[in-house]
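Structure first, commentary second.
The values are calculated or read from the model by the stated rules, or taken from the named source; none is laboratory data. None of these values were measured; they are calculated from a predicted model. Just so you know, the surface numbers come from the protein's heavy atoms only, side chains and all, with ligands and any DNA or RNA stripped out. Shrake-Rupley method; radii C 1.70, N 1.55, O 1.52, S 1.80 Å.
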Amino acid sequence: MNEPNLQSRPPVPKSREELEAERQRFILGDEEEIKQKVKDEIYPWEAPYVRSDVKKLFSLRLSEPEMLKLQYINKKTGKSMHQFCLDAVLPAIEKAIEELMSE
């Protein structure tokens, strides 16, 4: 049976020496290599130490009328307020990322 690949600590980002060595290779590299590295930008959410199974908390401040509307939607539809917000926010995040990446 396979053991889960879970650790008590997240992987450590690269050391200063490793980052400096990469910078020097980048500076001294040829133009094609530079273009390839720029094209292959690693976004924060693609970093090797980012785990999709870890959930992070984000608080959302709503006015009282907005909160009451959200509670009303919950009572009428049976959909949790959390799921309603996720359904609205996640597509908006993806759309904004697509727009930023196409610039």
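Note the full-extension length gain between residue 75 and residue 99 as 0.36 nm times their separation in residues minus their Cα-Cα distance, in nm to one decimal.
Taking 0.36 nm per residue and subtracting the Cα distance, the gain is 5.1 nm.
Placing 59, 80 in order of accessible area, with the largest value first and a 1.4 Å probe, yields 59, 80. Placing 100, 86 in order of accessible area, with the largest value first and a 1.4 Å probe, yields 100, 86.
In the context of the full protein assembly, residue 79 retains an accessible surface of approximately 80 Å², using a probe radius of 1.4 Å and ignoring ligands and nucleic acids. Taking every protein chain into account, the 1.4 Å probe leaves residue 62 with about 70 Å² of accessible area, to the nearest ten.
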